[in-house]
Amino acid sequence: MADPRFFEVAGPFKLSEIADLSGARLGEGADPERIFTDVAPLDRAGPTDVGFLDNKRYLDQFAASGAGACVVSPNHAERAPEGMALLLTPKPYRAYALMARAFYPEPRLAAGRHPTALIDPAARVGDGTVVGPGVVIGPNVEIGRDCLIKANTVIERGVVIGDETEIGANGFLSYCLIGKRCIIHSGVCIGNRGFGFTLDPEGYLNVPQLGRVIVEDDVEVGANSTIDRGAGPDTFIGAGSKIDNLVQIGHNVRLGRGCVLVAQSGVAGSTTLEDHVLVGGQAGVAGHLTIGKGAQLSAQCGVMRDVPPGQAVAGIPGMPIKEFFRLCAIWRRQVKARGKGKRND
């Protein structure tokens, strides 16, 4: 169902193969030898397509779907239409991701260096790495094996990039060490000087930013996001973290493992996010704070003080989410009461 101008489908696959690669088990009566050619949304899938159901809001679509097979939780299996083969798993979205990656593997470009790329003689580029047109690679840069450096990216002196990492077009990397299997999308700037200066009536004076950015393995950084280098301590991005588009991370920030920052959020300098912190879209976190392990910051909240581990926070200023919703209920009652008072006048 994906546009063939942009996506090339692999396969076909037997149902048993799809079950194996997705980690699902076949439902009762499913034919393991049945052939499937694609994945598709429930409302558009046909008899050779595999769909998936992860959200119970779409149960009606599932019950009416023409998909030949579907990845679904065992809890919803009884709603399946007659003739649909089921791939049963408690994690249908994860199973779908594994299945879709098999049908649509990432295209691999032939290794080589485009003739317009400028690579300093003192740089080292690993075997199997693709260097696209207009790329600039400075002295003493180290790029690992099987990397992909897309068009017009600039990698400045001394940067290190681990094996199998992808750097999108028009990226800018300086003062940073990037781990293995990272995905750095187009337009990302890593290692720019941090926003540090003295406040003085005689004029603002920039403070030298002498740290680096350390990005551990398996990190993804979305398009046009920025990560400033440290002022002395390093800025640190923990392994497996996911950073969306248009995110700003200030100098000396430390992200733990598996953090998620959604689009247009920002973290000010010297703040620590411990492991698995979730930051909603357009949320802002002030500087010099600690956000505890597993905390969740809702969209558009403004966090101005430390957040304990596991706490969900909402509002401006950020507060425990139950407290925020209690305030919302009070405000609604006050608005209604004021409206009644005006009508009585």
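Coordinate-derived values only; no laboratory data. Everything quoted here is computed from the prediction, not taken from an experiment. Neighbour counts run over all protein chains shown; Cβ positions are idealised from the backbone, glycine included.
Per-residue Karplus couplings for segment 272-288, computed as 6.51 cos²θ - 1.76 cosθ + 1.60 with θ equal to phi - 60°, are listed in order as 10, 10, 6, 4, 6, 7, 10, 10, x, x, 6, 6, x, 10, 5, x, 6 Hz, Gly and Pro entered as x.
Give me the net charge of LEU210's neighbourhood, meaning all other residues with Cβ under 11 Å from the Cβ of LEU210; Lys, Arg count +1, Asp, Glu -1. Show your work: numbers first, answer last.
Values: positive: ARG193, ARG212, ARG229; negative: ASP234.
Here the charged neighbours net out to +2.
Remark on segment 250-312: hydrodynamic radius 10.9 angstrom, per the Kirkwood mean of 1/r across alpha carbon pairs. With respect to the cross-link table entries LYS91/LYS150; LYS91/LYS180; LYS56/LYS336; LYS56/LYS242; LYS14/LYS91, which display a Cα-Cα separation exceeding 24 Å? Table pairs above 24 Å Cα-Cα are LYS91/LYS150; LYS91/LYS180; LYS56/LYS336; LYS56/LYS242. Each residue, ARG326 and ASN55, gets one label point 7 Å from its Cα in the Cβ direction; the gap between the two is 3.1 nm. With the highest mean first, a sort of the peptides 324-332, 192-200, 161-169 on other beta-carbon atoms found within 10 angstrom per residue produces 161-169, 192-200, 324-332.
Would you mind working out the magnitude of the charge dipole of the chain relative to its Cα centre, with +1 at each Lys and Arg C-beta and -1 at each Asp and Glu C-beta, to the nearest 20 Debye? Once rounded to the nearest 20, the dipole reads 1600 debye. Dividing the helix sum by the residues of the chain, where each DSSP H run of 4 or more adds -39500 (n - 2.57), gives a mean residue ellipticity at 222 nm of -4500 deg cm²/dmol. Residues whose amide H falls under 5 Å from that of VAL136, counting only those 5 or more places apart or on a different chain, are LEU118, THR153, VAL154, ILE155, with hydrogens built in the peptide plane. Quantify how much of the Cα-Cα distance distribution of segment 26-96 extends past 17 Å, in percent. Value for segment 26-96 (Cα pairs over 17 Å): 30 percent. Taking every alpha-carbon pair in segment 77-228 and binning the separations at 5 Å intervals from zero gives 2, 9, 14, 19, 14, 10, 8, 7, 6, 5, 3, 2, 1, 0, 0, 0 percent. Taking Cα centre as origin and charging only the Cβ of basic (Lys, Arg, +1) and acidic (Asp, Glu, -1) residues, the dipole magnitude of segment 129-239 rounds to 240 debye. Just grab the label-to-label distance for GLU142 and ASN245, each label 7 Å out from Cα along the Cβ direction, in nm (one decimal). With each label point 7 Å from Cα toward Cβ, the separation is 3.5 nm. Quick check: net charge around GLY126, other residues with Cβ under 10 Å of its Cβ, Lys/Arg +1 and Asp/Glu -1? Once all neighbours under 10 Å are counted, the net charge is -3. Put the Cα centre of segment 123-153 next to the Cα centre of segment 11-46 and the gap is 39 Å. Scalar couplings 3J(HN,Hα) for segment 113-122, obtained by applying the Karplus form with A = 6.51, B = -1.76, C = 1.60 to θ = phi - 60°, are 10, 5, x, 8, 6, 10, 10, 4, x, 8 Hz; x denotes Gly and Pro. Once a ≥ b ≥ c are taken as the square roots of the eigenvalues of the Cα gyration tensor of segment 174-321, is the result rounded (a/c under 1.5), prolate (a/b larger than b/c) or oblate (a/b not larger than b/c)? The shape class here is oblate. Two numbers describe the Cα atoms of the chain: Rg and Dmax, which are 24.9, 83 Å. The calculated Kirkwood hydrodynamic radius for segment 1-158 is 18.0 Å, given to one decimal from all distinct C-alpha pairs.
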